Amino acid sequence: MDFSLIIDNQTGTADMSFDQCTNLLNNVWLSLTVIQGTWFHRPTFGMPRRERLKNTPQTARLIRQDCLQALQWLLDTGRATNIEVLTERDRSQDLNRLKIAVQVQQADGRSISFTTFREVV
């Protein structure tokens, strides 16, 4: 049985609840927070390690591609039918972060949204 995660969008941390997970939010969160090469079963799972990225349009495009690559397995396995990732340079509130907004269309037609931030310099 999959347990649902309670994700704090401010800090990016997650706590396990005892509710049953009924969507792909756990999969999206894990795919975007696990550093590639650290997952014991599949070394290609997760996001590539990127150190000290600058807050530029090129970095936003690079992180968007990394997110799409990390989530590709959901499409390959048929669990999702469409994934959209938008990255936005947060120049007004915090110059040291990049906003990442993910929209996933599940195979059953439901849609889930996930927003997180990536530290940049």
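The values are calculated or read from the model by the stated rules, or taken from the named source; none is laboratory data. It should be emphasised that the depicted structure is a prediction, and the values quoted were computed from it without experimental measurement. Positions of Cβ are backbone-derived with ideal geometry, glycine not excepted, and every protein chain shown enters the neighbour counts.
When only residues in segment 87-111 that are in contact (Cβ under 8 Å) with a residue 60 or more places away in the chain and either part of a helix (DSSP H, G or I) or buried (at least 16 other Cβ atoms within 10 Å of the Cβ) (or both) count, which is farthest from the chain's Cα centre (by Cα)? Write out each step before concluding.
Here is the first cut: in segment 87-111, the residues in contact (Cβ under 8 Å) with a residue 60 or more places away in the chain are 100, 102, 104, 106, 110.
Those still in the list that are either part of a helix (DSSP H, G or I) or buried (at least 16 other Cβ atoms within 10 Å of the Cβ) (or both) too: 100, 102, 104, 106.
Working: ILE100: 8, VAL102: 7, VAL104: 10, GLN106: 15 Å.
Among residues in segment 87-111 that are in contact (Cβ under 8 Å) with a residue 60 or more places away in the chain and either part of a helix (DSSP H, G or I) or buried (at least 16 other Cβ atoms within 10 Å of the Cβ) (or both), the one farthest from the chain's Cα centre (by Cα) is GLN106.
Any chance segment 9-22 includes a residue that's at pLDDT 85 or above and aliphatic (A, V, I, L, M)?
Narrowing segment 9-22 to residues at pLDDT 85 or above: none.
No, because not a single residue in segment 9-22 is at pLDDT 85 or above and aliphatic (A, V, I, L, M).
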- Message: Which pairs turn up if I take residues in segment 57-86 that are within 17 Å of MET47 (Cα to Cα) and outside any strand (DSSP E or B) and look for partners that are among the aromatic types (Phe, Trp, Tyr) and modelled with pLDDT of 95 or more with beta carbon separation below 7 Å, at least 6 apart in sequence or on another chain?
- Response: none
- Would you mention how many residues in segment 43-88 are in contact with a Lys or Arg (Cβ under 8 Å, 6 or more places away or on another chain) and among the charged types (D, E, K, R)? 2
